[in-house]
Every structure is written in C-alpha cells, then in structure tokens.
Amino acid sequence: MSENKQETLTSFQSITGIDDVGEAFSHLEAADWNLVEALSRVIPHEDAPLTSPHPILLPEQPVRNPVVSTNGFRPPGYDEMPGTSNASAFFAAALQNQNQNLNQPHIQQRFPTSQLLAQLTSSINLDPASSQNNNQNVITFNIHFNQQLYQLRLPSEATVEQLKRKIFAETSVPVCRQAIRGWPPSKASDAQQLGTRLCNLDLSPENELILVDLTEDGFMDTEQDEVAQRVDKDFTIFIQFESDPPLTLSLPGRMTVQEVKMNVFDIKSIPVRHQEWTGWPNGCDNDTTLAQSGIGLSHRFAVRSTERVAPTNSNQHNAFDVVTVDSESSTDEFEDATDFNNAEYIFTDSPPAQPPNRHLIPNDTDDEISGSTQFVENYKARYGEPCPEFFVGSLENAKQLACLRSAKERKLLAIYLHHGKSILINVFCDQLMKHESIIQTFKEKFVLYGWDMTYESNKDMFLSSLTACVSSNASLTARNIKLDKLPAIMLVGKSRQLGSNCEVLSVIHGNIGLDDLLSRLIETCEMFEEQLQVEIRQEDERAARDQVKAEQDMAYQETLQADMAKDAAKRQKEAAQLAERKRMESERAEEDARRESIRLVAQQSLPQEPSEQETGTSKIRVRKPTGDFLERRFFTNNNLQDLLNFVTANGFLIEEYKLISSWPRRDLTAIESSQTLESLKLYPQETVILEER
C-alpha cells in the first residue's frame with residue numbers, strides 16, 4: 001500500500017506541479033488517496049477552463065522535485081519513492097494538450113473535467129515496473145544549489161557539457177563557473193572533461209550532485225572549506241510522516257545523521273532501527289554531519305516507520321500479553337493478574353498452549369562459558385530482537401574486559417540475574433530491556449553479563465565465581481536478593497577509591513519502571529566516572545612523567561651514541577695516524593737502508609787516497625749546502641766517477657744532489673763520468689759545489 005501511495009504522490013506532483021510534499025500529501029489525504037478526486041480538488045471543474053494552479057512540467061523540461069531518493073538507509077528490497085515516471089510525464093503532456101483547446105465551449109461540453117480526468121487516468125499505467133524499461137537509458141541528476149534542488153534527466157549518451165548547459169538553463173550559473181561535486185571518485189578526473197559521456201562515469205540511475213558557483217568572491221578551494229563554513233550554520237529540515245503531522249526542526253550543521261534520527265525518536269517515539277528516510281543524498285551514513293551531507297540549509301525529508309504492530313483481539317486475553325509494571329506495584333497484584341490469565345483457559349474447549357521453558361540455562365551446567373552461551377541463545381529465542389548485547393564467556397573474562405583496563409577505557413560490569421519463577425521477568429525483558437535507550441546505554445557504558453539462577457546448581461556455580469572474581473560481599477549480595485525482586489542488575493566497578501578490588505556499586509531490582517531504570521543506570525555511571533576522574537588525572541600525570549622520562553632517556557641515549565661515535569671516530573683516526581706513521585717509518589727505514597747500501601757501495605768503490613808527497617795528484621774541495629767542506633786527494637788519472645763516489649760515500653746521493661764546478665760553471669753530474677780529472681781540468685786543486693736537485 002505504501003508503494004502505491006508513493007507512486008500516486010509522485011504522479012500527483014508531476015501533474016499539478018506542486019513541489020511541496022506536505023501540500024501534495026494533504027490534498028491526497030483529503031481525497032483518501034484517490035488520484036482523480038485529488039486532481040478534481042486542485043484543477044477547476046466544468047464551469048472553468050481546465051488549468052492547473054501550478055505550472056505543469058513537460059517531460060523534456062527539468063523536473064524539480066524535493067522528494068529525492070535515499071542513499072541506502074532503507075532495507076534491501078524496498079522501492080524508493082520514484083521521480084516523475086514516463087506515465088506521469090505522459091499524463092502531464094496529455095493534460096497540457098487538452099488545456100490548449102479546453103476553453104472552447106464545445107470541448108468543455110463534450111469533455112467535462114471529471115470525465116477528462118477519468119479518461120486520462122484510465123489510460124495511464126502507474127506501475128513502476130512498466131515504466132522502468134522506458135527509463136533504463138535515462139540518468140536522473142538531483143542538483144543541490146543555493147538551498148534548492150533541481151532534478152534533471154538526460155540520456156546516458158549525453159555529455160558533461162550538455163548536463164552543464166541544462167544546469168545553466170535552470171540555475172543561470174554559466175558553464176565556466178560551474179564546479180560539480182559528487183561524481184564517483186574513480187571517475188572524478190574524467191568528469192572534468194566536457195566531452196565525457198555520462199555512460200562512461202559509472203553513474204547510478206539517480207545521482208546526487210552539489211553545484212558550487214565559482215565566483216571571484218565565493219570560490220571554494222576544497223570541499224573541506226565549504227563544509228567548514230557550513231558546520232556553524234543552522235539547517236531547517238521539514239519531515240513528512242505517513243500518518244503524523246509534519247515536523248520542522250532547526251539543527252546545527254555539526255549534528256550527525258544518527259543524532260537527527262535520535263531527535264526524531266525522542267519526538268515521535270519511532271525507534272532508530274524502524275526509521276526509513278527518503279531524501280538523504282548519496283554517500284551519507286550515520287556518522288555524516290549535516291554540513292557534510294550536501295543538503296541545503298533548508299531541506300525536506302519523508303520518514304516512514306517499518307515497525308510492524310501485531311494484531312490483537314480485544315475479546316480474548318493472551319496469556320503472554322505484556323503488562324506495564326510500576327515501581328510501586330505489589331507482588332499480589334502480579335499474582336492476581338497471572339491467576340486471571342490462567343483462569344481463562346477453564347472456559348476454552350482446547351487445552352492452553354504450553355508456555356516456553358522458564359529457565360535460560362539447563363540444570364547442572366558444566367562450566368560458565370557453555371552456560372553463558374546457552375543463556376544468550378535462549379534469551380534471544382524467548383524474547384526476540386531487539387535485545388541487549390550480552391557478553392559471552394566466563395565472568396572473569398567479562399570482568400577483565402570491563403574493569404582491568406586503564407581509567408579512560410574502563411567500564412562498569414552489569415550482571416543481569418534472571419530467575420524463571422519470577423513474575424517480573426516477562427515485563428522486565430519484553431519492555432524495559434528492549435527499549436532503545438536501555439540498549440544504547442548498556443552498549444556504550446557497560447559490559448553486560450547474564451546468568452540464570454533458576455536452578456540451585458547453576459546459582460551455586462555463579463556465586464562461587466562471583467566470590468572469586470569480585471568479592472565475597474558481592475556474592476552475599478546476590479544470594480540475598482529475594483525472588484520477588486528478581487530479575488535484578490548488579491553494577492560492579494573498580495576505582496582507586498573502592499580499593500584494588502572490584503565492588504558492587506548498585507543493585508537494581510526488577511520491580512522498577514523504565515524511567516527509574518534509566519535514571520539509576522545513568523546516575524551510577526556518573527558517580528563511577530566522577531570517582532575515576534582522580535585516577536584519570538593521576539594516569540595522565542603518570543603518562544606525562546613517563547613521557548618526560550622517555551624523552552630524557554632518549555636524549556641521553558642520543559648523547560651517549562654521539563659520544564660513542566666520537567670516541568670511535570677518534571680511535572679510528574688515531575689508528576689511521578699510527579698506521580700512517582708506521583708506514584712512513586717503514587718507508588723511511590727502507591729508504592735509509594737503500595741510501596746506506598748505495599753509500600757503502602760507493603765507499604767501497606773509492607780508490608786509495610794518495611799521500612801529500614806523491615806527484616800527479618789533485619786536491620778537490622767539495623762545499624756542502626751547509627757551507628762546510630769535504631776534502632780529498634785524487635790522482636789526476638782518476639775519473640770523474642771516483643769523485644762522485646766520494647760525494648756519495650759522504651751521504652750525498654747523486655740522484656739528490658748535483659756537483660757544480662766553479663769555473664767554468666758546469667754540472668759535473670751531467671758529464672760522462674768516465675773522463676779523468678785531468679781532462680776535466682780539475683787539478684792541481686779545485687773547489688766544487690754540492691746543490692740539491
């Protein structure tokens with residue numbers, strides 16, 4: 001029925017040109033969703049020309065429709081509210097063609113308005129499936145610009161340039177100043193080319209795009225800049241419901257989609273999981289803010305509830321009907337109600353249906369883990385969804401997850417104690433534990449652990465574990481809870497103010513109302529968080545000290561490494577210098593040995609020096625570079641080599657020194673050494689000079 005209403009609403013808007021969903025919705029509601037009757041209310045009757053109070057949109061014109069498709073928030077298989085179908089476009093075109101000649105009297109007489117509407121509506125197939133084939137090559141674009149929505153339709157073979165020209169025709173923003181956002185990320189670069197065909201951009205049949213006017217004053221460098229400017233603005237959203245009156249909300253741009261849904265839940269009591277929205281742009285999720293979503297500062301949505309209400313028979317009372325429990329109700333009142341329900345079966349022909357097992361954990365369970373697993377499975381099977389998220393495992397593991405963590409990450413451990421013989425369990429589990437606020441509070445603030453104490457064996461196992469994991473006082477507290485107070489929730493926490501062990505902070509009994517239960521949970525959380533503030537501050541101070549110490553240790557290590565590197569470099573340098581000295585000493589020793597060898601050879605080669613009385617001698621004086629003289633007598637027939645050997649024997653190697661005669665000045669080392677001293681005129685005496693080469 002809801003799909004037919006949506007198609008009727010779309011067709012009505014397409015024919016009349018009424019963009020306001022609320023206005024169109026009210027016309028159809030007044031006509032009990034009869035399209036012909038609703039059109040008759042809007043379009044004048046036989047005594048006036050058949051003209052619509054709003055401009056009729058032709059198929060080739062861009063259709064402006066504030067009701068846009070969802071972005072995936074709806075469950076699979078749900079048909080989204082469609083845009084103008086081919087059938088409704090045909091309806092609009094046909095109606096306008098009739099209007100062209102409708103003012104002629106004979107036309108008005110032959111075709112009264114009611115007949116014309118009936119004829120047109122009978123010729124239109126409003127089935128979306130029949131019009132889907134005609135639109136399979138048409139792509140719809142919902143252009144968000146300047147707080148308005150423009151819906152354009154183009155064939156898939158059209159180009160980006162043709163789309164921008166369509167946008168210019170609607171918004172008066174020139175093509176050169178159009179910045180379009182919302183293209184598929186993998187095709188964003190291709191979408192910047194005007195010649196790119198739309199069929200090559202991986203587009204869906206309906207797409208949400210944002211238009212930005214790139215004026216000199218209003219140019220946005222990035223999408224983040226635009227979001228940053230929108231985050232502090234207020235968004236006005238209009239929400240249309242199926243049966244409830246419309247709702248108008250003014251919300252800040254930093255509010256998320258999830259928070260918007262929670263606001264609707266607070267006002268309309270529609271749980272978030274049952275809210276089905278129409279109007280969010282593509283790509284939005286529950287964490288998207290209004291500023292990021294791409295909607296205008298004024299936007300319209302449609303919300304429907306998917307919650308199914310089971311039919312009830314007022315003539316017959318169900319044995320398992322939910323009874324609202326007041327915190328002040330007495331046990332006797334519940335016992336009377338139970339007896340009355342059971343008494344009804346006395347007057348029925350067939351025996352009553354057997355109630356389900358009242359226990360959630362079988363008797364004599366072997367261990368905690370299997371008992372916890374069976375508790376969660378049987379709880380969900382008996383009370384159904386939604387239900388709180390119970391921890392599956394041992395009580396020790398649940399305590400470690402909740403309490404044995406840092407103060408910032410620590411949570412409270414909520415232990416739900418079930419008893420199959422308690423008269424409060426159906427009300428507590430079917431109403432209180434299924435409430436959205438209770439489920440969310442347990443999920444965010446607690447680690448929830450459940451156990452069934454119906455059988456004594458399971459009760460004793462749990463109490464023993466509770467003594468070992470928490471304390472003997474906690475076990476004694478659980479043991480002393482009376483049956484008429486069960487089910488109950490024990491709230492266990494750990495903080496320095498409570499000591500090193502976990503302690504029971506509060507016990508919430510089952511004879512409590514929803515508001516009181518939520519208040520008790522929140523109050524305990526606030527008290528626990530207040531106790532943790534000192535510990536959190538101490539942890540922060542400890543972390544700061546540890547960070548300073550770590551930085552100091554790091555600086556010390558860096559300095560130590562630098563010093564070690566310097567020492568290593570110094571040692572390496574000294575080793576290199578030592579090796580160089582050894583090499584030089586070795587080379588020097590080798591050189592000295594070589595020189596000494598040459599000197600000895602030269603000394604051994606010297607002829608015997610003649611005495612002063614002998615004739616035919618020459619006295620040669622050799623002036624050293626230091627100014628000192630070497631002196632020796634030679635025979636005149638001794639050759640020049642003998643003189644050179646004499647110089648070499650005194651440590652002046654000919655390869656390092658040259659021997660110069662004074663007059664005429666000549667280099668004796670460059671002359672043939674076999675010539676005699678006599679031939680060289682080096683007699684009876686001569687002074688020669690040693691010079692370094």
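Out of Ala579, Ala543, Ala575, Ala565, which single residue is under 30 Å from Ala402 (Cβ atoms) and among the small types (Gly, Ala, Ser)?
Just one listed residue meets the conditions, Ala543.
Out of curiosity, is Leu154 farther than 25 Å from Arg230 by Cα, open to solvent by less than 20 Å² (accessible area, probe 1.4 Å) and outside any loop (DSSP other than H, G, I, E, B)?
yes
Taking interchain pairs and intrachain pairs at least six residues apart, which have beta carbon atoms under 7 angstrom, with the first residue in the range 33-49 and under 12 Å from Thr8 (Cα atoms) and the second modelled with pLDDT under 50 and open to solvent by 20 Å² or more (accessible area, probe 1.4 Å)?
These pairs meet every condition: Leu35/Thr121; Val36/Ala118; Val36/Thr121.
Could you list all residues from the range 21-38 that are more than 19 Å from Phe301 (Cβ to Cβ), among the small types (Gly, Ala, Ser) and surrounded by fewer than 19 Cβ atoms within 10 Å (Cβ to Cβ)? Let's see the steps before the verdict.
To start, the set of residues in the range 21-38 that are more than 19 Å from Phe301 (Cβ to Cβ) comprises 27, 30-38.
From what's left, among the small types (Gly, Ala, Ser): 30-31, 38.
Those that are more than 19 Å from Phe301 (Cβ to Cβ), among the small types (Gly, Ala, Ser) and surrounded by fewer than 19 Cβ atoms within 10 Å (Cβ to Cβ): Ala30, Ala31.
Please find, within the range 180-194, the residue that is nearest to Pro281 (Cα to Cα) out of those that are open to solvent by 60 Å² or more (accessible area, probe 1.4 Å) and outside any helix (DSSP H, G or I).
Ser189
Take Lys399 and decide whether it is under 40 Å from the mean Cα position of the chain (by Cα) and open to solvent by 30 Å² or more (accessible area, probe 1.4 Å).
In short, no.
Does the range 236-275 hold any residues that are assigned to a helix (DSSP H, G or I) and under 12 Å from Glu307 (Cβ atoms), and which are they?
Listed by number, the residues that qualify are Phe265, Lys268, Val272, Arg273, His274.
Are any of the residues in the range 528-539 more than 30 Å from Asn645 (Cα to Cα) and modelled with pLDDT of 90 or more? First the steps, then the outcome.
Applying the first criterion (more than 30 Å from Asn645 (Cα to Cα)) to the range 528-539 yields 528-539.
Narrowing the set further to residues that are modelled with pLDDT of 90 or more leaves none.
Checked against the condition, which is being more than 30 Å from Asn645 (Cα to Cα) and modelled with pLDDT of 90 or more, the range 528-539 yields no hits at all.
In the range 157-179, what residues are open to solvent by 30 Å² or more (accessible area, probe 1.4 Å) and under 11 Å from Phe141 (Cβ atoms)? Show your work before the answer.
The initial filter retains those residues of the range 157-179 that are open to solvent by 30 Å² or more (accessible area, probe 1.4 Å), namely 157, 161-162, 165-166, 168-170, 172, 174-177.
Once the filter is applied, which keeps residues that are open to solvent by 30 Å² or more (accessible area, probe 1.4 Å) and under 11 Å from Phe141 (Cβ atoms), the range 157-179 yields Lys166, Glu170.
Under 7 Å between Cβ atoms, which residue pairs at least 6 apart in sequence (or on different chains) link something in the range 604-628 that is acidic (Asp, Glu) with a partner that is in a strand (DSSP E or B)?
Glu609/Arg632; Glu609/Arg633
State all residues of the range 609-632 that are open to solvent by less than 60 Å² (accessible area, probe 1.4 Å) and in a strand (DSSP E or B); if no residue qualifies, say none.
Within the range 609-632, Thr617, Ser618, Ile620, Val622, Leu630, Arg632 qualify.
Taking the condition of being touching a residue at least 60 places away in the same chain (Cβ under 8 Å) and touching a Phe, Trp or Tyr at 6+ places or on another chain (Cβ under 7 Å), how many residues in the range 641-693 meet it?
Taking the range 641-693 and keeping what is touching a residue at least 60 places away in the same chain (Cβ under 8 Å), we get 678, 682-692.
So of that shortlist, the ones also touching a Phe, Trp or Tyr at 6+ places or on another chain (Cβ under 7 Å) come out as 690-692.
The total comes to 3.
Among the residues of the range 492-508, is any over 37 Å from the mean Cα position of the chain (by Cα) and touching a residue at least 60 places away in the same chain (Cβ under 8 Å)?
No, the range 492-508 has no match at all.
Of the conditions (1) more than 17 Å from Gln400 (Cβ to Cβ); (2) in contact (Cβ under 8 Å) with a residue 60 or more places away in the chain; (3) more than 35 Å from the chain's Cα centre (by Cα), Tyr416 satisfies every one except a single condition; which number is it?
(3)
The values are calculated or read from the model by the stated rules, or taken from the named source; none is laboratory data. Computed from a predicted structure; not experimentally measured. Cβ sites come from the backbone with ideal geometry, for glycine too, and all protein chains shown count toward neighbours. Areas reflect the complete protein model, heavy atoms only, side chains present, ligands, DNA and RNA absent. Shrake-Rupley method; radii C 1.70, N 1.55, O 1.52, S 1.80 Å.
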